Amino acid sequence: MSEPAVRTNRSLWRHVDFMKLWTGETVSQLGTQVTQLALPLAAILVLKASAFQVGLLAALEFLPFILFGLPAGVWVDRLRRRPVLIAGDVLRVLTLGSIPVAYKLGTLHIGQLYAVAFLTGIGTVFFDVAYQSYLPALVERDQLVDGNAKLEMSRSAAQLGGPALGGFLVQLFKAPVAIAADAVSYVWSAAFIVFIRRPEPPIDTRGADGKHPKMRSEIAEGWRYVWRHALLRPIAFCTATANLFGQMIFALFVLFAVRSLHLKAGQIGLLFSLGSVGALIGAMVVRRSAERLGVGSAIIGSIFVSSLAALLIPATPRSLALPMLLTAQFFFGFGAVIYNSNQVGLRQAITPARMQGRMNATMRFMVWGTIPIGSFVGGILGNTIGIRTTMWIGAIGGLLAVVPPLLSPVRRLERIPALPEESVGEALAAGHDGLLVDHAPEV
């Protein structure tokens, strides 16, 4: 039976480099929340975009995860992760900063919004893969769940204040100008990452001949590792299903709020902010949920809560718009934060350092690759069968997300299993308890 990790009880509040990463990411998340509201509002209010155009805009933002996600994992495993994080921030500063400039010049076009969404998505691909791969090099293994919980708390706090700030800025200065706040936030994020001083352990991914294997073989190794893993594969299917159907809802959410429920930009921003109280509370109880319920039960229970909450969105009548959507946002955020903190911490802890980039890239490819599909399908269906009907399809389909982990060894997982001592290659060839599907983990 796998031995539990030794607890160090060292507080991350006194971890200087983690605090720099956390502070930079908190500021960046605040700006991101502004743009997530301001970008579709720029298309809807300034450029009078249709449901299809709004869905396409959301799809293009996540399309890079399909096109570049797997190669990004190889590069992240070959390079130092901190410079990749900085480069991702710089790219997003330049692309988002072009929107308020074009608006002031009177040249803003839907095509530019498409281009910005796509290029910003490329920066996010490399940043996210490097970010999740960098954290295990920054904190100790037993601190990963706590670290992810704190980062999710920042995301929740940003969701609490960001949309309200975004709605206020949109009403005061128009949506394109509000996006400038996000561009500035990425400058802050890059600056804090620059000042991290903890050296990143060298990771040699070269073969016996001293050369890097071909990218195709490295991608294949990462894919096999995730696909054959008893814990990673069901988590990938769970998250991919939730994102596919969930994005059919959220790609049209702002359009639904504006045109079907007749909410104003400020009300929508306030709705997002107050609804995110659930996410903030979820971030505060992440560790307790894993300790009391077990890691597996916390993962399964939290994704089920989020899926049930999504059913309230298409059921919302105009007369009860704010209370019902607030309830949906509260429970969706509560479940999503607990789910993400536990499953991401589990993924990081059970993956060797030399595979972190490719594992995260493969997972991102599988779970975020369904997002542009959901956005695109949602846009088409919204134009043909109606926005509310499309949201019902997404909400009901999202309930299927709980099935993969429920029927897998994740259901029996009480704690994070120990990392196998042998190499990834040996493990893939021979199998290992806690690693491959062929041998279920002992928990």
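Just so it is clear, none of the values below were taken in a lab; they were calculated from the coordinates. Source: prediction; values computed, not measured. Note that we place each Cβ from the backbone using ideal geometry, even for glycine, and neighbour counts take in every protein chain shown.
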Sequence neighbours fewer than 8 away in the same chain don't count; with that in mind, list the lysines whose C-alpha is under 19 Å from LYS150.
LYS20
When Rg and Dmax of the Cα atoms in Å is calculated directly from the model, which label among (i) 23.9, 75; (ii) 21.1, 69; (iii) 22.7, 86 fits?
(ii)
Where only alpha carbons of the range 316-373 are counted, the Rg and the Dmax (Å)
16.8, 54
With -39,500 (n - 2.57) per DSSP H segment of 4 or more residues and division by the full residue count of the chain, the 222 nm estimate, nearest 500 deg cm²/dmol, is -23000 deg cm²/dmol
Counting pairs of alpha carbon atoms under 8 Å apart in space and at least six apart in sequence, what relative contact order in percent does the chain give?
28
For the chain, with +1 on Lys and Arg beta carbons and -1 on Asp and Glu, the positive-most of MET153, VAL295, TYR134 along the dipole
MET153
Using alpha carbon centers only, the range 14-47 is separated from the range 81-110 by a whole-angstrom value of 13
As computed over the range 337-407, the Cα convex hull volume per residue (Å³)
103
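How would you rank 398-409, 95-106, highest first, on the average number of other Cβ atoms within 10 Å across their residues?
Values: 398-409: 19.4, 95-106: 16.9.
Descending mean neighbour count gives 398-409, 95-106.
If you keep only loop residues by DSSP, which chymotrypsin sites (Phe, Trp or Tyr not before Pro) in the range 36-102 have at most 10 other Cβ atoms within 10 Å of their Cβ? All intermediate terms of the calculation are to be shown ahead of the outcome.
Working: sites: PHE52, PHE62, PHE65, PHE68, TRP75; in loops: PHE68.
Here no chymotrypsin sites (Phe, Trp or Tyr not before Pro) fit, given the DSSP loop and packing criteria.
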Name the long-range amide H neighbours of HIS229: under 5 Å, sequence gap of 5 or more, or other chain; modelled H, no Pro or chain starts.
VAL437
